[in-house]
Structure formats: C-alpha cells, structure tokens
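Heads up: the structure comes next, in structure tokens.
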Amino acid sequence: MSLNLTIHPKYASSEEAITCFLADFEQAGEYLTKGDRNVIKKATINGLTLTIKKFKTPHFFQALVYTYLRKSKARRSFEYAKKLIGYGINTPFPIAYAERFNWGLKESYYVSEFIDYDLDFRVLNHKPLYANRDEILTQFATFTFKLHENNINFLDHSPGNTLITISENNTYDFYLIDLNRMRFEPMSLNKRMYNFRRMWLSKKMVRVIATQYALLYNVPFAKIHHLLLSYSKKFQGKANKRKLRKSKRRLL
C-alpha cells in the first residue's frame, strides 16, 4: 500500500521531496533518536531543515483501533500542533504527517520544523546552579499558565518534552514536542497543578513556579504551593517505587 501524505498548504511545493524521503527513511537523513519505540531523524529537504518522527508499528489490535476508532499518533501530533500555534503556543511548525494502511495502520510519520534549541527542561532538573535558573522557571510558569488559560491539558508535560531557546535580555521561548497526548478541556486549579507533576520539580523549583503561578492566577501562594508540591511528591514517589521494583526483578 502507498504512503498517504497530508502536508500543510504552506509547504505544498515540498510534497514530492518529503514523500521520496519517507520512502527511503531507513537510509536517508541523520539519526537524532533511535529507540525501541520511536525513531527520530533530522534532514534537509528543499532547503528546509526538518525533524521526522517515525512511530512504532502498532500491534494488530492497535492497528485496527488507529484505522477505525482513533486518529494515529502522527495525525494527532500534526493537528494538535496546528491548534497550539493558533493559540500562540510554541511548538515546531507542523509540516506534514504520513500513514500507510494495510489491514490496519502499519507506518506513521510526523514531519515538523527542526528547532535548534539551547537546552531542554531536564538541564534545569539536573543542574541546580544553572545560570538564571529561577528566571527560566518563572517564565516557564507563565508559559504553562498560558496553556491552562487556553484550556490545553498537555498530558505528556514532562522535562524532555519542553525545549528552550534563549533570546536577548534574559527572555526564553518554550517549545512543546511529543504532542500526540493532549486534551482541550476546562482546567480547574487541581487539574492545573496536577499537570505539573511529571516535571520532576525539586522543592526549590516548586517554590519558584508556585510564586509566579499564584501571582498570575490570583490565588494565595500557600494554596498553589501545597497542591503543586503534593502532586509532585506523589508522582515522584510512585515513579521511584516502580524503578525499585524493576531493579529487584533484574537482580532476581
């Protein structure tokens, strides 16, 4: 079965070149990530520097679900990126997505603009003395507040999915990636604070983010701080227990 490509009208002139690249995906481009689940490559096509993500081939049941009941991860990534940009939220510009069906979904790709970022959020987790860290966290709180105000619940809001570029005068731009799990729904205070739980925030990071978020949301700092710290600690506790169980199983 042929590969079905859907391309953003802005880049229609590159449709053939992108289709040819995807047809030769295994040999073409430069690997950025080569994991068990997904593969990400970088390539320059018609003068455009792109990121191309190939999603893991779903098993038979999932393949049928993605064919008849649910949009593929590639299609959701493309459509959600367009929505985010419409709300003024940064994400690499969505260029195209492609799908191949044969008794269910067999292959899917998401093509987006390549972002030459300066750091991702994980750097802030691992380097407490990183230059201007508190200011970056303050601006990140403002960025996430904007997400929530637009009723965007980014379910994979985690350190590796937030890219950061440094601009002049100590301003920072945040770009969301890995977009296929997202809901557009009213965001209560509890949902907002719960949405931060995967960011692996230290107590100091929680304090900085809570200070800015409380100011923007016009809620007492103590309330924001309590919820944010509570959700973060619970998530980290569960994650650490899972890691411990896995390490014990390996030893056995």
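For PRO58, the conditions (1) in contact with a Gly (Cβ under 9 Å, 6 or more places away or on another chain); (2) closer than 18 Å to ARG181 by Cβ; (3) surrounded by fewer than 18 Cβ atoms within 10 Å (Cβ to Cβ) all hold with the exception of (3). Out of PHE93, PHE145, one residue alone is closer than 27 Å to ALA43 by Cβ and of a type in the set (Phe, Trp, Tyr). It is PHE93. Looking across segment 48-78, the residues that are outside any helix (DSSP H, G or I) and touching a residue at least 12 places away in the same chain (Cβ under 8 Å) come down to LEU48, THR49, LEU50, THR51, ILE52, LYS53, LYS54, PHE55, LYS56, THR57, PRO58, SER72. Screening ASN169 on (1) of a type in the set (S, T, N, Q); (2) without any contact (Cβ under 8 Å) to a residue 60 or more places away in the chain; (3) touching a helix residue (DSSP H, G or I) at 6+ places or on another chain (Cβ under 9 Å); (4) in a helix (DSSP H, G or I) shows it passes everything except condition (3).
Quick one: count up the residues across segment 1-47 that are part of a strand (DSSP E or B) and hydroxyl-bearing (Ser, Thr, Tyr).
Final tally of qualifying residues: 4.
In segment 179-197, the qualifying residues are those that are aliphatic (A, V, I, L, M) and out of contact with any Ser or Thr (no Cβ under 7 Å at 6 or more places or on another chain), and the one that is nearest to ARG70 (Cα to Cα) is MET182.
Bear in mind that the values in this text are calculations on the coordinates, not laboratory data. All values derive from a computational prediction rather than experimental measurement. All Cβ positions, glycine included, derive from the backbone under ideal geometry; neighbour counts span all protein chains shown.
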